[in-house]
Structures are given as structure tokens and as C-alpha cells.
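Here's the structure, in C-alpha cells; my notes come after.
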Amino acid sequence: MKVKKCFLCAIVILAVILMAYIILYSYIEEMNDGVPMQYIFENEDEEDIARRQISPEEEKQKIKEKIDDPIIIWWTGFTGERGRVKQCGKDQCFFTVNRHYRNHPKTKVFIFYGTDLKAHDLPIPREPHHEWGLLHEESPKNNYLFSHSDLVSLFNHTATFKRQSHYPITTQYLQSKSWLEKKDYMIPTKQKNDHLKELSPLIYTHSDCNVPSDRDNLVSLLQKHINVDSYGTCVHNKDLPPHLKDPIKGMFHKDFYKLNAKYKFTLALENGICDDYITEKIWRPLMLGSVPIIHGSPKIKELLPSNMSAIVVSDFNDIQSLANHIKFLNENDAEYEKYLHWKKTGITNPILLQILKEREWVVNDDESLFYSGINFIEGFECFVCKRVNENLRRARQQQPTLDYRASADHYGCPAPLKFDSDGRYVEENNHWSYEYSFNKYVANQSNITLKIMYQ
């Protein structure tokens, strides 16, 4: 009966996704833009395909395996852990990526890494005692399924950049209070002014182009009013030194830091717009002493080191107003240096200070090869493990168990927009809105299908 139910559910989900894909494809044909988009039916590597192959014989063996602790399976195989018991304070859990344990009587939770989750590859049928966990620290553009409550509400434990999630990792790119406050790379304003003979006031360094936030268009609009040195492949007009051109290694090089520190302003533009999605694009210029011009989280002001440490694009009515403000600061050192005063006083934002004080995990610094504590992945694993064990204790003591459920604000992000000719972020972004809508449909149908299974 269970096998028949599982097979029927899988067929329904695949049919729904195929229908959505056909609808989306017709939209793309109408667009005729040739803009590449990500689909759920994408090329998977051999490891992904191999992990989905379940051997009935091996599954029978795993079901009989004696394991005393709750089993937590990384369904997406994110950690690569083949199977080990992990100590989490007074609690223990058995962690593995091996799907053959899925029907083991001790299996309690399936954890997904958001970017790798696919709607056609879920642990179904979902048993009443099976909980789902979500770790998704990446940009909304990586998987728009999570921008919709129908999918997010399927999870019991969440770790995302949203402060509302069960295990928030909002400051995942911020190493520490002392790192942000340090002045190792800071250059006096007078020296920055001297660099203006050869450099523009603004620096922009991105090689992930045509992203949902429409940041490249913002740069192009801004360049009509003020010079911008663009070192990446996006809106490129200036070359990096050869040893800094690698987009991964180069961005953490001391020479890259020194180059950025010469600029009075840094265009800190995220690839996706969502509350609390804050990356190194914001934290790095703050550390270096270059004033960031931010297009990103609508709630960014709640997490900046002080109430005057950055320029926020959404504060201006149009691109002309933004450019005028930048020019004014560039020509008036006293006003410009007000944005750097926090480097003397240190972080004064109580919200940011509290978050940094309370987080139990650490972010590896640029120069260290080893973590000085647990990272947020290990932290989330233990967070889930402790929750599971707490409910097991409650059940043994005949107490009510705690019900955990995610809501839309644990990840949900708005549909992408684009800048109009005046630099207002208000227009529908046709390049990405179809994918957003497609994933909304898939999330809705996946939710409905899973609910039908329980009827």
C-alpha cells in the first residue's frame, strides 16, 4: 500500500512540474530574449543521480541495522557524511547522507540544502513522524521555490538568513565585531583624494551578470552622472591585476583589499533582494573604510554598524538624486568622513551587537585555514538534534510534544524588479519574473500533492 501511494504521489508531482515547465517555456518563447533561466529539470551530475538510486537489498540491511540514536538524513547529500554519531551537549544523533536509512525506525528528520532541493526528488511518502529541516543561506535566485509559503511551510526546522527562521544565520558573512571594526586597510581621506587623479570615486567588481536585482543596469545608469571603475566582467571598463582576476581567490587577497580601500565609495549591490540577505559585498567595504552604496536587503539599516555608515539606494527618489549626493560627499571631506566616524567609536547598533554576541557559531577569517569553533552547519545539525531528543523525552514522560513549523517569513522573498530609466526600482523584471511565477506554481502543487497523501 505504501509503495503504491508513494508511486502515485511521485507521478502526480512529476506531472505537475512538467505542466508548469511547458507553461513557462511558452512564456519564454514569447519573450524571445534568449535570457538563460534556471529550471527544475536541469543537468544533474553523476553523484546526484547515483544518490537517488535506492538498492532494495541495501535498504533492507539498513532498516535492520542497530542504531540507538535518532537518525537525521541529509537528503540532498550536502555534508557528504556517510554515517556517524554526533554529540550535541547531552544529546546524540546519527547523521548520514545515505538514503537507504530513510525507512529505518529511528529516522526522524530529513534535512535539505536549499539550493540543491528539487521538487521531483523528495522523501515521499512523508510519514507522520518524519520532520523536514531546511538549511538555505544562499541568494533567492538559487532556488525560487523557497520564496513561496506553500513550500516553506512544509519544513519543521529552518536555518536561513532571515532573522525569523528557527536558527538564523543572518551574519553568515560577518566574521566578528573586531574584524568589522579593524582599521588595517583604511586610507586617510586626503590620500583617497590623491588617488582620484587615476581612479574614479566608485568601484564596482562583479562577474555574475544580469542577476535578478538588476544591479548592472543600476551601474550603467549611475555612470551617466559619475565615473565608476568596474573591474569585473559585468559593465567592465577596467582590468584587475592578473593575480586578482580569479573571482574566488582574488576577492580574499590582501592586494584586492588594498585596491578597494583606495576608493571613497564601493557599489555594494546584492544579486537578489530579500530582507536580511546580506553578504560580504556589504561587510567588506565597511571593514576596509570605503563607504558602501547598498542595493540589497530592505531592512539593511537595522543591521548596519551605525545609523550613518552607508548610503542606501532606496533612500533616493531617482538616480540623479543619488548621484548628486555621492558628488556632494566626494567634494566635501567633512561630510564624507561622517560616514566613517563609526570606525572610531566602533559598532553602536544594539541589534547588530546583540546578534554577534548571541550567535554560537563562528565565521572563518580570511587568513585562517581552520575554524576556531563550530560553523553554522554544525550548529544547525545540533539544533535539530536537540529538538528531536527533547520531543522523544517528552513522549516517554507522556508530556505533549512540541510542534515546530516554518512560516513564509522564514525565507520568502519578493518577486524581482528592475530599474526604470530614472533609476527607480519599480518595474516588473520580465527576465526573472516568469521563473519566480513558475516556482510559485510548483510550490503550490507540491504542497497540495503532499496533503492529498494524508487524506
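Here are the numbers for this structure:
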read-out: Which numbered condition Asp422 misses (of (1) assigned to a helix (DSSP H, G or I); (2) closer than 30 Å to Arg284 by Cα; (3) at pLDDT 95 or above; (4) of a type outside the set (A, V, I, L, M, F, W, C)); value: (1)
read-out: Filtered residue count, segment 75-88, keeping only those that are closer than 17 Å to Pro105 by Cα, surrounded by 15 or more Cβ atoms within 10 Å (Cβ to Cβ) and free of Cβ contacts under 8 Å to residues at least 40 places away in the same chain; value: 1
read-out: Residue list for segment 97-120, filter: within 13 Å of Ile63 (Cα to Cα) and touching a residue at least 40 places away in the same chain (Cβ under 8 Å); value: Arg99, His100, Arg102, Asn103, His104, Pro105
read-out: When residues of segment 381-419 are limited to those that are small (Gly, Ala, Ser) and outside any loop (DSSP other than H, G, I, E, B), the one nearest to Phe161 (Cα to Cα); value: Ala408
read-out: Every residue from segment 63-112 that is in contact with a helix residue (DSSP H, G or I) (Cβ under 6 Å, 6 or more places away or on another chain), more than 18 Å from Ile124 (Cβ to Cβ) and not in a strand (DSSP E or B); value: Pro70
read-out: Hits in segment 121-155 (condition: in contact (Cβ under 8 Å) with a residue 40 or more places away in the chain and of a type in the set (D, E, K, R)); value: Asp121, Arg126, Glu131, Glu137, Lys141, Asp150
read-out: Count of residues meeting criterion [in contact with a Ser or Thr (Cβ under 6 Å, 6 or more places away or on another chain) and either crowded, with 24+ Cβ neighbours inside 10 Å or not charged (D, E, K, R) (or both)] in segment 136-155; value: 4
read-out: Conditions (1) outside any loop (DSSP other than H, G, I, E, B); (2) at pLDDT 85 or above; (3) over 28 Å from the mean Cα position of the chain (by Cα); (4) of a type outside the set (A, V, I, L, M); number of the one not met by Glu59; value: (2)
read-out: Set Phe380, Phe316: member being within 29 Å of the chain's Cα centre (by Cα) and not assigned by TED's automatic domain parsing to the domain that holds Ala268; value: Phe380
read-out: Segment 217-273: number of residues that are within 27 Å of Met308 (Cβ to Cβ), under 22 Å from the mean Cα position of the chain (by Cα) and free of Cβ contacts under 8 Å to residues at least 60 places away in the same chain; value: 2
read-out: Top-ranked residue in segment 325-343 [being aromatic (Phe, Trp, Tyr) and touching a residue at least 24 places away in the same chain (Cβ under 8 Å); ranked as farthest from Ile293 (Cα to Cα)]; value: Trp342
read-out: Those residues of segment 60-74 which are under 12 Å from Arg102 (Cα atoms), among the charged types (D, E, K, R) and surrounded by 17 or more Cβ atoms within 10 Å (Cβ to Cβ), in sequence order; value: Lys62
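The values are calculated or read from the model by the stated rules, or taken from the named source; none is laboratory data. On a predicted model such as this, the values are computed, not experimentally measured, just so you know. Glycine also receives a Cβ, built like all others from the backbone with ideal geometry; neighbour counts cover every protein chain displayed.
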